[in-house]
Amino acid sequence: MAKGVLVDLTKCIGCGSCTVACKLWNDMKFQDNEPTMGPVEIAKLSANNWTVVQYYEIAKDDGKVWRFAKKQCLHCQDPACASACFAKALQKTEAGPVIYYPHLCVGCRYCMIACPFNIPKYEWDKTFPLVSKCQMCSTKVEKGEAPACVSVCPAGVFQYGEREELLKNAKSIIAQNSSYVQEVYGEKQAGGTSWLYISDVPFEQLGFRTDIGTIPLSTYSHNFLKYTPVVAVSWGIILTGLYHYTKRRNTIAKEDKNVKL
């Protein structure tokens with residue numbers, strides 16, 4: 001069965017261990033101009049930041065409180081990015097991760113447009129740019145191990161296991177404690193995700209999109225992209241015809257010019 005991660009945001013202390021583990025495991029550089037921790041205006045996902053911890057000051061009945069939210073690719077059950085990629089550079093594995101294969105990428109960036117969570121990023125600063133995003137440590141997951149970020153958390157924020165079991169655990173936790181929002185984020189959003197969240201403050205206050213709906217966006221992209229091969233072939237025929245037409249006109253014009261001379 002597909003694996004997943006349950007994130008209890010009430011337990012996160014904002015230590016950033018997960019962001020460090022992500023950098024080290026994926027051999028990515030730490031850059032001062034791209035912090036992995038801080039307010040949402042500062043700590044942002046990028047081609048070089050696959051996971052960040054964003055800080056939020058939340059107003060509650062008993063005063064203001066701090067909450068910390070780890071963000072990364074949610075690894076959708078039916079990923080719109082993979083559906084939109086006609087080159088198959090993004091693929092969903094049976095184990096759960098949505099993996100990016102750079103050697104197949106043609107740089108169209110349809111995945112960036114399709115993703116409802118605004119996850120895939122483009123390497124704009126590189127000569128030969130690629131798309132970049134969290135891979136959910138797929139090589140570890142395939143071996144039955146938890147992602148690097150999950151395994152280093154000192155606060156017990158994460159649970160790793162089979163998604164359906166995690167969903168049951170999440171529902172049990174929030175049902176027994178009324179301080180939690182009575183919703184598991186990721187259960188149904190965009191058809192469901194491998195990363196599930198529970199929280200004691202509304203998710204929209206923590207920067208999560210709550211206007212996505214429950215229908216997998218791939219439903220729409222499939223209907224559109226089925227015409228891609230036809231459009232590509234037709235456009236190729238049109239361009240070829242225009243090329244030969246233009247070439248013929250130039251030849252005739254040159255011959256007429258020679259005759260007049």
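Numbers for the structure displayed
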{"item": "By average C-beta atoms within 10 angstrom, highest first, the peptides 128-137, 193-202, 155-164", "result": "193-202, 128-137, 155-164"}
{"item": "Table column - 3J(HN,Hα) (Hz), region 131-140, Karplus curve with 6.51, -1.76, 1.60, x for Gly and Pro", "result": "7, 9, 6, 4, 9, 6, 6, 4, 5, 6"}
{"item": "Burial order of peptide ranges 60-68, 38-46, 83-91 (average beta-carbon count within 10 Å, highest first)", "result": "83-91, 38-46, 60-68"}
{"item": "Net charge dipole size for the chain [Lys, Arg +1 and Asp, Glu -1 on Cβ; Debye, nearest 20]", "result": "1300"}
{"item": "Unit Cα scatterers, Debye sum, region 82-156: log10 I(q)/I(0) for q = 0.12, 0.19, 0.21, 0.27 Å⁻¹", "result": "-0.39, -0.85, -0.96, -1.25"}
{"item": "Span from the region 1-38 Cα centroid across to the region 109-162 one, whole angstrom", "result": "10"}
{"item": "Acute angle (nearest 10 degrees) that the helix 228-260 long axis makes with the longest principal axis of the chain, alpha-carbon atoms", "result": "30"}
{"item": "Gaussian network model of the chain, Cα within-10 Å springs - most flexible of A59, A114, A190", "result": "A59"}
{"item": "Projected label distance in nm at I212 and D61, using a 7 Å step from Cα toward the beta-carbon", "result": "3.0"}
{"item": "Using alpha-carbon coordinates, inclination of helix 163-176 to the longest axis of the chain, degrees", "result": "40"}
{"item": "Förster-model FRET efficiency, 25 Å R0, H103 and E142, C-beta, rounded to 0.05", "result": "0.85"}
{"item": "Greater than 31 Å apart at Cα, pairs in K140/K171; K44/K140; K23/K60; K126/K188; K88/K171", "result": "K23/K60; K126/K188; K88/K171"}
{"item": "Sparse-neighbourhood loop sites, trypsin sites (Lys or Arg not before Pro) in region 1-30 - DSSP loop, at most 11 other Cβ within 10 angstrom", "result": "K29"}
{"item": "Extension reserve of the A95-S151 stretch, reckoned as 0.36 nm per residue once the Cα distance is removed", "result": "18.4 nm"}
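Read-outs throughout are calculated quantities, based only on the coordinates presented, and are distinct from any laboratory measurement. In this text, all values refer to a predicted model and were calculated from it rather than measured experimentally. Every residue, glycine as well, gets a Cβ built from its backbone with ideal geometry; the counts of neighbours run over all protein chains shown.
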